[in-house]
Amino acid sequence: MNKRHYGVLAVTAALALALSACSGGSTPSSSGSNGGKATVALAVNGALGDQGFFDDAQRGMDQLKSDGHKTQTLQADANNPAQWKSNLESISTGTWNIAVAGTSQMTDIMTATAKKFPNQKYIIFDTVVDAPNVASITYKQNEGSFLAGVLAAMATTDKASFPLSSGSKTVGLVGGMDIPVINDFVAGFKAGVKAVDPSIKVETSYVGSFSDSAKGYDQAKAMYANGADVVFQVAGGSGIGVLQAAKDADKYAIGVDQNQNALQPGHVLASMLKHVGASIVLAVKAADAGKLAYGKTTSYGLANDGVGLDFDNNGNLVPDAIVKKIDDLKQQVIDGKITVPTAEG
């Protein structure tokens, strides 16, 4: 089948072009005595094992370690901001060349910590912190979600191609929290659905947490009971419950952040990827070369394969003709023929 999948090596090559284009005013290398390679610590504002966002960030750390970087990852209680702050500060005292953290929930903590430790270099991903010692990485999740919306709309209107669909013209999205980055997913998803058929109903709900899979399950179960043929999960660890609900309802789901297609075989159509791990690797390697742009933001979208829709390992649930239509729309976004809205309008 004509599936589109971008591995870490391929996406890193593409992202390198974007980083070079955005890295004016770069600072000297953050490398210490570790053979010219920066030592790197990651403070996760939650726990690994979400099979999505945090695990993909850790995959980047694992890649750095295999490449010869000294690394460490600190996990935390997902509901304990005081611990997030303590962990970030603990890796900001000069032991590590670069301290890494991510998600918009860490924005204020990173802002304060970067000011408190002005000589420490930081990378923050999935949000922006305006500080001279912080390199920010963002992702155009609205663009990737646009493709997910197109796929969901096609599934609920094409019973012949998607046998688990009822043709209800109803789809859903379960978000982790009602915050700007998640609402960016919502905006893109709704735009993708509308591009196929404006009459399709889109149900949305928020778990209020990125680590409550039981509540994610319950919200998705309610959507399927109300006629949704497809539910897109953008809820981190909570979204694992969404995928389980798809299986139990014998309907479809769309995964997020990393390839989750094989988690519930026969029910996950595709996964909307954010190449978090690859972007961390790229940023650290740029720091090694003295080219990482601290005080600036690098953004990754469809044009540089920083986000995308991955059909690999989905059991051939999506016909080639549908994949081709989605690829055509992707190219229209890249070419500027389609402008995908953001949560900000």
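The values are calculated or read from the model by the stated rules, or taken from the named source; none is laboratory data. Bear in mind that the values here come from a model prediction, so they are computed numbers and not experimental data. No Cβ is skipped: glycine too gets one built from the backbone with ideal geometry, and neighbour counts run over all protein chains shown. Surface accessibility is based on the protein's heavy atoms, side chains included, excluding ligands, DNA and RNA. Shrake-Rupley method; radii C 1.70, N 1.55, O 1.52, S 1.80 Å.
Here are some notes:
- Long pairs among Lys215/Lys324; Lys285/Lys325; Lys140/Lys215; Lys65/Lys221, criterion Cα-Cα beyond 32 Å: Lys215/Lys324; Lys285/Lys325; Lys65/Lys221
- Heavy-atom accessible area per residue - the chain, 1.4 Å, Å²: 38 Å²
- Value of relative contact order over region 183-246, rounded to a whole percent, pairs C-alpha under 8 Å and six or more apart: 33 percent
- Here's the picture: charge each Lys and Arg Cβ at +1 and each Asp and Glu Cβ at -1 in the chain, and of Ser165, Gly192, Thr71 the one pushed furthest to the positive end of that dipole is Thr71.
- Fluctuation leader among Ala262, Ala289, Ala82 - the chain, Gaussian network, Cα springs under 10 angstrom: Ala82
- Among 317-326, 294-303, the order from most to least packed when residues are scored by Cβ within 10 Å on average: 294-303, 317-326
- Karplus-derived HN-Hα couplings along region 164-180 (A = 6.51, B = -1.76, C = 1.60, θ = phi - 60°), whole Hz, x at Gly and Pro: 7, 7, 8, x, 6, 6, 9, 9, x, 9, 10, x, x, 9, 7, 9, x
- In order along region 245-262, phi translates into HN-Hα couplings of 5, 4, 5, 5, 8, 6, 10, 10, 9, 10, x, 8, 6, 9, 5, 10, 4, 8 Hz, rounded to whole numbers, per the Karplus curve 6.51 cos²θ - 1.76 cosθ + 1.60 with θ = phi - 60° and x for Gly and Pro.
- Across the chain, C-alpha contacts under 8 Å between residues 6 or more apart give a mean separation that, scaled by the residue count, equals a relative contact order of 24 percent.
- In terms of distances greater than 32 angstrom between alpha carbons, the cross-link table entries Lys194/Lys296; Lys85/Lys337; Lys190/Lys296; Lys247/Lys337 yield Lys194/Lys296; Lys85/Lys337; Lys247/Lys337.
- Highest average packing first - 211-220, 104-113, 160-169, 275-284, Cβ atoms within 10 Å: 275-284, 211-220, 104-113, 160-169
- Highest mean packing comes first when the peptides 327-333, 184-190, 42-48 are listed by Cβ atoms within 10 Å, giving 184-190, 42-48, 327-333.
- Crossing angle, helix 276-288 versus the chain [Cα axis fit, 0-90 degrees, rounded to tens]: 20 degrees
- Within the accessible surface of region 243-345, defined with a 1.4 Å probe on protein heavy atoms only, the carbon and sulfur portion equals 46 percent.
- Amide H contacts of Tyr206: Gly175, each under 5 Å away and 5 or more positions distant or on a separate chain (H built 1.01 Å from N in the peptide plane; Pro and chain starts excluded).
- Listed by chain and number, the aspartates and glutamates whose alpha-carbon sits under 17 Å from that of Lys121, ignoring those within fewer than 8 places in the same chain, are Glu89, Asp108, Asp130, Asp288.
- Prolate/oblate/rounded call for region 203-300, Cα gyration tensor, a/c under 1.5 rounded: prolate
- Annotation: amide H of Thr73 within the under-5 Å range of Leu42, sequence separation 5 or more or interchain, hydrogens built in the peptide plane.
- Cut-off under 5 Å, modelled amide H: who pairs with Ile123 long-range: Ala99, Val100, Ala101, Ala135
- Projected area averaged over orientations for the chain, convex hull of C-alpha atoms, nm²: 15.6 nm²
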